[in-house]
Amino acid sequence: MTLPATLVSLSASAQELADVSRELEGMLPADIVRWAVASFGAADEVPPYKSFLVTSSFQDATLSHVAHSAAPGIEVVLLDTGYLFAETHWYAENLGKTFGINVHIDKRNEFHLAPNGWQVDTDACCAARKVVPLEDALQNKKVWITGVRREDSQARKNTPIVSRDIMRGVIKVNPLAGTSDSDIALYNELYELPVHPLREHGYTSIGCWPCTRPTKPGEDPRAGRWSGSGKTECGLHIS
């Protein structure tokens with residue numbers, strides 16, 4: 001198999017990563033994951049791909065299916081904030097069973113967390129229930145693979161395919177960055193991937209139940225997240 005771009009090492013400079021990110025533009029998401037494994041993986045890793053963290057919100061099946069197709073057996077993690085919709089839990093577990101995807105739901109011990117923190121300070125709630133768990137999960141990892149897309153929001157419109165997350169000390173790979181909504185819809189149709197059950201109830205972006213509402217016709221797809229607060233990001237993808 002011919003890899004889609006120049007292989008680089010974990011010590012690659014910011015310029016080298018920017019150059020290879022441009023090379024990867026227009027490539028199939030699965031090929032981008034294969035490139036990442038070839039560049040940063042170790043053939044003798046046990047379990048396989050142990051230096052990689054794939055995280056998904058499981059509002060759809062695309063990233064988990066792409067990662068599994070490119071690197072069978074790679075673990076796809078859902079960070080459980082304690083406030084996820086029951087439908088999201090079911091959806092993630094069902095995808096794992098149906099497609100053989102190695103899904104892991106990272107449940108946290110909530111004993112030390114302030115109850116109902118979302119009612120007081122959504123930023124602090126996201127930090128405690130999303131950002132800290134992510135940083136814990138990234139310990140001893142080299143590469144973080146995410147489902148961030150440029151079409152998600154204005155804040156994400158310049159998302160590179162590969163870069164260095166300096167704050168977390170990992171290479172960040174966004175294989176879906178350049179995909180459009182129609183690309184995602186076509187991919188899901190081709191592979192007959194199921195739709196999150198909340199989609200039919202008007203949820204176009206799905207996070208935690210206290211801070212997510214259905215969107216109205218014509219609204220931005222992420223308008224239902226932290227509605228009315230001015231907040232647009234949980235903090236996972238701000239570095």
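Restricting the first member to segment 212-239 and to residues that are under 16 Å from Arg150 (Cβ atoms) and assigned to a loop (DSSP other than H, G, I, E, B), and the second to residues that are modelled with pLDDT of 90 or more and open to solvent by 30 Å² or more (accessible area, probe 1.4 Å), the beta-carbon pairs closer than 7 Å and six or more apart or on different chains are Pro221/Thr204.
Filtered by the rule that a residue be more than 16 Å from the chain's Cα centre (by Cα), among the charged types (D, E, K, R) and not in a helix (DSSP H, G or I), segment 68-122 gives Lys107, Arg108, Asp121. For segment 59-68, state whether one or more residues are farther than 11 Å from Ile161 by Cβ and open to solvent by 50 Å² or more (accessible area, probe 1.4 Å). Taking every residue of segment 59-68 in turn, none turns out to be farther than 11 Å from Ile161 by Cβ and open to solvent by 50 Å² or more (accessible area, probe 1.4 Å). Apart from one condition, Pro133 fits all of (1) buried (at least 18 other Cβ atoms within 10 Å of the Cβ); (2) at pLDDT 95 or above; the exception is (2).
Conditions tested, residue by residue: (1) basic (Lys, Arg); (2) assigned to a loop (DSSP other than H, G, I, E, B); (3) over 14 Å from Ile171 (Cβ atoms); (4) open to solvent by 10 Å² or more (accessible area, probe 1.4 Å).
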residue	(1), (2), (3), (4)
Ala18	no, no, no, yes
Ile32	no, no, no, no
Trp35	no, no, no, no
Ser39	no, no, no, yes
Lys50	yes, yes, yes, yes
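For residues in segment 44-67 being among the aliphatic types (A, V, I, L, M) and within 16 Å of the chain's Cα centre (by Cα), which is nearest to Glu192 (Cα to Cα)? If we take residues in segment 44-67 being among the aliphatic types (A, V, I, L, M) and within 16 Å of the chain's Cα centre (by Cα), then Ala61 is nearest to Glu192 (Cα to Cα). With respect to (1) open to solvent by less than 30 Å² (accessible area, probe 1.4 Å); (2) in a loop (DSSP other than H, G, I, E, B); (3) closer than 20 Å to Val77 by Cα, the lone exception for Thr159 is condition (3).
The values are calculated or read from the model by the stated rules, or taken from the named source; none is laboratory data. Small disclaimer: the values here were computed from a predicted structure and weren't measured. All Cβ positions, even for glycine, are placed from backbone atoms using ideal geometry, and neighbour counts span all protein chains on display. Surface areas here come from the heavy atoms of the whole protein model, side chains and all, with no ligands, DNA or RNA. Shrake-Rupley method; radii C 1.70, N 1.55, O 1.52, S 1.80 Å.
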